[in-house]
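Visitor: One structure, as structure tokens, below. Some questions next.
The values are calculated or read from the model by the stated rules, or taken from the named source; none is laboratory data. Quantities reported herein were computed from a predicted structural model and do not represent experimental measurements. Here the Cβ is made from the backbone with ideal geometry for all residues, glycine too, and neighbour counts use every protein chain on show.
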């Protein structure tokens, strides 16, 4: 199951490619992944979240962070659970050079850093206030709204990465392979709008192109081209929903050489053409 945050009816309340919601879970959620990164906080209920095949019991105060290529499912122990969710495009982490170390650490989630945190009472209280403030900021239109949202998001991540956590144990060869892939994914998330191929990646990382292709399929679950198109289409969808740029300009901006290729990739990912997607978004929330 593929869930795309851009389908959420509240997308568009910020010029940033992100949304913040408080939702109630009333049944188990089957295996899925998202186009955006996801940071969540449990405020009520209990159960188990299985992230990349590893189960993590959750309760009030539990926090999860998933990168776009991570898969997860939720199994409830209580009748319902209530969670805050913040979903966003990873490029938000790299807007400021001063945040580069933090952003690079977050890209190692699931390897050097855990995907799941159980906060103590003080940390949970602080995190809850941050999520409440983010949601309030997201739903209003105050001065420097986007700056405030990003600032609070980064503060939440600082809390997590300063939390003591057990070392992630894996075979050294597998860790090295996954670290290589994380570096490649990081590079793609920064440069996906440029002309980029497996050969470019092979030269950049001093690896064989066939090796990178094979690692993509094994560790990410999709081909290099599929992942690259996912990044470009995700960015294009944000631009279609929040700007009045022409479809041709958007196609070029996100890295496609031809509008026809862009339209085909977009329809494969979204089930609709860019023009139809924009029309739907404009009916939901007109572009100013």
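Visitor: State yes or no: is residue 240 touching a residue at least 12 places away in the same chain (Cβ under 8 Å), farther than 23 Å from residue 15 by Cα and part of a helix (DSSP H, G or I)? Reasoning before the result, please.
Guide: Values: touching a residue at least 12 places away in the same chain (Cβ under 8 Å): yes; farther than 23 Å from residue 15 by Cα: no; part of a helix (DSSP H, G or I): yes.
No: the conditions fail for residue 240.
Visitor: Here are 149, 130: which of them is at pLDDT 90 or above, touching a helix residue (DSSP H, G or I) at 6+ places or on another chain (Cβ under 9 Å), within 28 Å of residue 232 (Cα to Cα) and assigned by TED's automatic domain parsing to the domain that holds residue 62?
Guide: Working: 130 fails: within 28 Å of residue 232 (Cα to Cα).
Of 149, 130, the one residue that is at pLDDT 90 or above, touching a helix residue (DSSP H, G or I) at 6+ places or on another chain (Cβ under 9 Å), within 28 Å of residue 232 (Cα to Cα) and assigned by TED's automatic domain parsing to the domain that holds residue 62 is 149.
Visitor: Report the residue count in region 220-249 for those that are more than 19 Å from residue 190 (Cα to Cα), at pLDDT below 85 and surrounded by 17 or more Cβ atoms within 10 Å (Cβ to Cβ).
Guide: 2
Visitor: So residue 216 clears everything in (1) within 28 Å of residue 203 (Cβ to Cβ); (2) outside the structural domain of residue 196 (by TED's automatic domain parsing); (3) in contact with a helix residue (DSSP H, G or I) (Cβ under 7 Å, 6 or more places away or on another chain); (4) in a helix (DSSP H, G or I) except one condition, right? Which one?
Guide: Of (1) within 28 Å of residue 203 (Cβ to Cβ); (2) outside the structural domain of residue 196 (by TED's automatic domain parsing); (3) in contact with a helix residue (DSSP H, G or I) (Cβ under 7 Å, 6 or more places away or on another chain); (4) in a helix (DSSP H, G or I), only one is false for residue 216: (2).
Visitor: For region 57-76, indicate whether the set of residues that are without any contact (Cβ under 8 Å) to a residue 40 or more places away in the chain, in a strand (DSSP E or B), assigned by TED's automatic domain parsing to the domain that holds residue 22 and touching a strand residue (DSSP E or B) at 6+ places or on another chain (Cβ under 9 Å) is non-empty. Let's see the steps before the verdict.
Guide: As a first pass, look at region 57-76 and keep what is without any contact (Cβ under 8 Å) to a residue 40 or more places away in the chain: 57.
Cutting the leftovers down to in a strand (DSSP E or B) gives us 57.
Remaining after also requiring assigned by TED's automatic domain parsing to the domain that holds residue 22: 57.
Applying the additional criterion that residues be touching a strand residue (DSSP E or B) at 6+ places or on another chain (Cβ under 9 Å) yields 57.
Taking every residue of region 57-76 in turn, at least one turns out to be without any contact (Cβ under 8 Å) to a residue 40 or more places away in the chain, in a strand (DSSP E or B), assigned by TED's automatic domain parsing to the domain that holds residue 22 and touching a strand residue (DSSP E or B) at 6+ places or on another chain (Cβ under 9 Å).
Visitor: Turning to a different aspect of this structure: For residue 172, are the conditions met, namely being modelled with pLDDT under 85 and surrounded by fewer than 16 Cβ atoms within 10 Å (Cβ to Cβ)? Show your work before the answer.
Guide: On the way: modelled with pLDDT under 85: yes; surrounded by fewer than 16 Cβ atoms within 10 Å (Cβ to Cβ): yes.
When the stated conditions are applied, residue 172 passes them.
Visitor: Would you say residue 189 is under 24 Å from residue 266 (Cβ atoms) and modelled with pLDDT under 90? Quick ask: steps written out before the conclusion?
Guide: Details: under 24 Å from residue 266 (Cβ atoms): yes; modelled with pLDDT under 90: yes.
Considered against the rule, which asks whether it is under 24 Å from residue 266 (Cβ atoms) and modelled with pLDDT under 90, residue 189 comes out as yes.
Visitor: Continuing with the same structure: Return the only residue of 119, 107, 111, 90 being touching a helix residue (DSSP H, G or I) at 6+ places or on another chain (Cβ under 7 Å), touching a residue at least 60 places away in the same chain (Cβ under 8 Å) and farther than 28 Å from residue 237 by Cβ.
Guide: Details: 119 fails: touching a residue at least 60 places away in the same chain (Cβ under 8 Å); 107 fails: farther than 28 Å from residue 237 by Cβ; 90 fails: farther than 28 Å from residue 237 by Cβ.
Just one listed residue meets the conditions, 111.
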